[in-house]
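Please read the structure below before turning to the comments.
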Amino acid sequence: MEKHSPNTATTKVRRQAWHSQSEQDIVQQLNTNTDNGLSSQEIQIRLERDGRNVITGQAMMPAWKRLLLQFHNPLIYILLVATLVTTILGEYVDAGVILLVVLINALIGFMQESKAEQAINSLKKMLSSNTTVIRDGKKQSVITTDLVCGDIVVLASGDKVPADIRLYQCRDLQIDESTLTGESVPVEKQLGELEPDTVLGDRQNMAFAGTLVTYGTAQGIIVATGDNTQTGQIASMIAGATQLETPLTRKIHAFSQLLLWVILVLAGVTFFIGLGYGLPAADTFMAAVALAVAAIPEGLPAVVTITLAIGVRRMAKRNAIIRKLSAVETLGSTNVICSDKTGTLTENQMTVQKLYAGGSALEVTGSGYAPHGEVSDIWKENTAFQHLLRAGLLNNDSRLLEKEDRWLVEGDPTEGALIACGLKAGLDNASCQQTYRRLDTIPFESDRQYMATLHRF
C-alpha cells in the first residue's frame, strides 16, 4: 500500500461511503500514514477542529424542571384545583391533606428518576476505555475520547471498537455486531472495496463503533468519530424521537376527563336540587363544591406512583435501570415482542450441553458462561473424555472473567463455552495451561475451519 505523510487538513471530514473507496484514496483524503500514524501536533489540531470522540447525548434536564413535570398529570391538576377551592372555603385541614398527598407523590417520582439519572451518569463514566493506536511511529495506548479521524488503530480479540474504522489489515478477524445490526453471530471481516450501496450489515471491510472484537487481529484507519459514527447516528435519531404516551398515562388521562365531567354534573345537579327546595344559593353552592371535592380520589396518584416505584426497585435488582416510572408499566403492558430469525433477544451466550467421545455421551448442566453446573464423574474414568475436556481448555485463546456476579468471555463465544465446560468438570484452566505449555499454534483460518495447538505433555 502507498504511504503518505500526514498533513494538516483544512476541511472537516464528512460522512462518505468509505467501504467503497480504495485504501490508498482513504489514506490521501485523511492525510495519514499507515506506518507512522499521525503526529502529536496533528492530533491536537484535529481534536480542536472535529471535537472529541464522544456521542452527544440529550441535554440533561434541570432538577427543577424534572420536579415540575411530576405535577404534569390530569389527576394532579384536579387535586390542585381541589386544594385551592377547599382553601377558599376555609377547610384548611382538608386543603393541607390534599396538598401533602400531591407533594409526596411528586417527591417519590422525582427521587426515583434522580437515582436513575445518577446511575446512568455513573455508567457513562465507567465506559471510558483505552485504545491501541500508532502515533509518532510507535504503538501507544490512548483514551478512546482522544481519537481522531486518520488515527491508525490496532484491534485484537476482546477489544471494543472505538470508532468507525476502515480496515486495511486483518487476520481471522471476527466482530460481534449484534448491538448495531442485530446479528447474533460474529461477522467475519475481509478486505477490499465494496459496492457503494452495500447495506450496513454486509460491509465486511468496516468495523463500527461500539461493536466487539471476538477473534483475530486487525489494523485500520478511523474514518468517523463521535456523532458521525453509525452508533452516533442512531443516538441522534433516538434523541429526536417524539415522546409517546404510555398505556397508563392514556388511561389516567381518559379517567381524569371522565371523573371531571361526572363530578361537575353531580355538583351541578346538587346545586339545582338545592335551589329547587328553596335553600339559599350560597349554602347550596358550598354544598355542591364540598361534594365535588369529596368525590376526588386524592390517594390515587400516590398509589400509582408508589406501585411504579416498587416495580422500578424490582427491575433495579435485575440490573435494569428505569429512567421514567411509566416505563415499568409500559413493559408490563407488552403482549407481543417481535424479533427476526437471528435470535436477537437471546443472551448471546453459548453453552456446552453434551459431550461425545469414545462412542459415549455425557450431559452437561448449567447455562451461559458461569461455571455453575455438573459434568458426570464418568469422564474421570474415560481417557477420551479427559483428552476432550483438556483440549477445550488448551486449544483456546479466550478467557472467562467474573465482573459484578456476572461471567463474561473475552474472545470467541465458542471458546468461552469450552472453558466453562472444563471448569464445570473441575479442571483448573490456569494449572492446565502451566502443566501443558503451548509450543506452537496454527491459528484459525476461515478456509480451514479449525485451529490447532501443540503442547508439551
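What the table shows:
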item	result
Heavy-atom accessible area per residue - the stretch 122-274, 1.4 Å, Å²	51
Helical segments meeting 24 Å axial Cα length and Kyte-Doolittle 0.0 threshold in the chain (DSSP H)	92-126, 247-276, 299-317
With all protein chains modelled, accessible area of GLU195 [1.4 Å, Å²]	120
Assigned charges on the beta-carbon of Lys, Arg, Asp, Glu; the stretch 353-421 dipole about Cα centre (debye)	140
Set of aspartates and glutamates with alpha-carbon distance to LYS380 below 19 Å, sequence-local pairs under 8 removed	GLU363, ASP428
Cα-based shape type of the stretch 347-398, given that a ≥ b ≥ c are square roots of the gyration tensor eigenvalues and the cut on a/c is 1.5	oblate
Cross-link table LYS160/LYS189; LYS139/LYS160; LYS251/LYS324; LYS160/LYS324; LYS160/LYS317, entries beyond 20 Å C-alpha to C-alpha	LYS160/LYS324; LYS160/LYS317
Surface accessible to a 1.4 Å probe, ILE134 within the full protein complex, Å²	20
Eligible aspartates and glutamates near LYS138 by straight Cα distance, threshold 13 Å, same-chain separation 8 or greater	ASP35, ASP151
Taking the chain and dividing mean pair separation by its residue count, relative contact order in percent (alpha carbons under 8 Å, at least six apart)	14
Residues with amide H under 5 Å from that of THR217, placed H, sequence gap 5 or more	ARG171, LEU173
Cβ crowding within 10 Å averaged over residues, with 175-185, 350-360 ranked highest first	175-185, 350-360
Calculated P(r) of the chain - Cα pairs past 44 Å, %	38
HN-Hα J in Hz across the stretch 400-406 - Karplus 6.51, -1.76, 1.60, θ = phi - 60°, x for Gly and Pro	9, 10, 9, 10, 6, 6, 10
Built amide H within the under 5 Å cut-off of THR211, gap 5+	VAL161
Cα pair count fraction exceeding 15 Å, expressed as % - the stretch 164-248	62
The chain, accessible surface, carbon-and-sulfur percent (1.4 angstrom probe)	57
Square roots of five times the Cα gyration tensor eigenvalues for the stretch 137-198, Å	22, 15, 13
Amide H partners (placed H, <5 Å) of THR453, local residues excluded	ILE442
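The values are calculated or read from the model by the stated rules, or taken from the named source; none is laboratory data. Because the structure is a prediction, the values reported are computed rather than measured. Using ideal geometry, Cβ is built from the backbone for each residue, glycine included, and neighbour counts are taken over all protein chains shown. Heads up: the accessible areas ignore ligands, DNA and RNA and are worked out on the full protein's heavy atoms, side chains in. Shrake-Rupley method; radii C 1.70, N 1.55, O 1.52, S 1.80 Å.
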